[in-house]
Every structure is written in C-alpha cells, then in structure tokens.
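Some notes on the structure that comes next.
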Amino acid sequence: MFVQRIPAHIALIDQSIGVLDDAAMQSNDGAVIKNMENLRQGWDFIRGLFKNFLDREAAHYFDAAELLRTIVRQTSRSLPPQLKSVPMNFQIDAGAAKMLVRGQEKQFSRAIINLLKNAAEAVFFKEFKTGAEKIDISVAPDARRENVIIVIRDEGMGISRENMERIFLPYFTTKGEYGTGLGMLIVREAIESHGGTLSIASTVDKGTTVTLTLPLAPDPADVLIFAQEPLPAPLAETAI
C-alpha cells in the first residue's frame, strides 16, 4: 500500500542525500555546498510533513494543559544559560476539567518548545530592558468548552510589520546563520495538523503574543488516554 511504502522511500532519499552531501564537501565548491544545504533543509521539511502524516495513524488523546505544564518546566531548565534568566510564568484554569486534544504529543511538544525558545530569545536580546521582562503562558478552555486556548506572551523586542509578513515563509529568519528559517513554518504545520489555528500579534519593543486554538475532545468523560498506544477501532483513523 502507498502508506506502507513511504518509510522505505524516505530512507532511500536520506541515503542519497548523504552521498551527495559528502560529494559536495569534497568538491570545495561554495555554490554546490550552498545548494546542497538548501536541498537538505527542504528535504528535512518535506520529510517532516510525511512523518506527521504517518504519525496521525497513531494519534491519541492527551491532556494539553498537563503536557504544557511539563513542557514549560522542562524548557525553562534546558535553555542555554543566558536564557534561563528570563522568567516563565505558567497559569492554568484551576476549575477546568482535563483539556483533551487528539494528536501527537512529540509534535505538539516540539512546537511549544520552539515558541518558548523564541520568546526567551526575544526578551534576552531586547535592546532596552527594564529587567522586569517576562514570559506569561496560560491555558484555558473557551467559554463553550469547544477549544483549548494557549497564549504565550513575551515582553521582548517584538516583530516588525515587515518581518511579520514574512514570518511563515520558508527559509526566512532573523537569526542569520543560526536560524534555518523553518521554525515558525513547522510550528504552524504542527498546530494545523491537530486541527488548530495559530495567530500572532506583536509590537516592536513591547512584545509578542502567540495564541493557539486547539479543538477539545467532544466528551472528555468518554475518552480513554493512551500513553503511547494507537487508538483502537473505531476511534483509530482508517489507513489509506
């Protein structure tokens, strides 16, 4: 079947790109090496899309609020030393029930970690700081309990209007050689693959607010949570 053949083709392309990488480095041709880097970055993105497609076969329900709490705690500890000084405040609706979302915890986690790291860098590299800048993270269901709303708000350098228009373009980065230009594109893809939406509001020198909206499970009381196991029939998606 088509789905079953995807991993083999991915492995074959990975192997071929590895051979081309070696040949490019041995050529000492700057243009060839640069084009090879572009090819590698493009393939990494496409491979990620295929992986997300395959992962949906094993999607399960997870508590978005509890997972977010864990991600914030772990990310604040694992950031580079200079970024650990940026305070991260986590707020959860104490009266809310479990906020169950169907999807892939690893993919969701990568998206949140990327956003938290961006927020910490925006605060750290802000030119004129008061010393009180922080990052606020909140999670709560909407009024109708149809969606979970995650808000990540930083008091960093903000994003210019020009950069805001380009933020989701492939290979656009403001981090020079340290950025791939795929971070926000991958974040948006991750959120949309969970049936959600992403919006960004920003003011230069004031900060940036990222709002994620993800659909909640219709009836949390009737949903089983699986640690790593795929959903059994009839909840599992049908393979193509």
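Coupling constants for the range 143-155 follow from the phi torsions by the Karplus curve (6.51 cos²θ - 1.76 cosθ + 1.60, θ = phi - 60°), and in residue order they are 4, 9, 6, 9, 9, 9, 10, 10, 10, 10, 10, 10, 10 Hz; glycine and proline get x. Each residue of the range 34-42 is assigned a 3J(HN,Hα), and the resulting list reads 5, 5, 5, 5, 4, 5, 4, 5, x Hz, derived from the Karplus form 6.51 cos²θ - 1.76 cosθ + 1.60 (θ = phi - 60°), x at Gly and Pro. The fewest-to-most ranking of ILE13, ILE150 by surrounding Cβ atoms within 10 Å reads ILE13, ILE150.
Partner lysines whose Cα lies under 17 Å from the Cα of LYS126, excluding those fewer than 8 positions away in the same chain, are identified as LYS84, LYS117, LYS134, LYS175, LYS206. Label-to-label distance for ARG47 and ASP29 is 2.4 nm, based on points extended 7 Å past Cα in the beta-carbon direction. Sorting 152-160, 122-130, 184-192 by their mean Cβ neighbour count within 10 Å, with the most densely packed peptide first, gives 152-160, 184-192, 122-130.
No lab work stands behind these numbers, since they all come straight from the coordinates. Small disclaimer: the values here were computed from a predicted structure and weren't measured. Cβ sites come from the backbone with ideal geometry, for glycine too, and all protein chains shown count toward neighbours.
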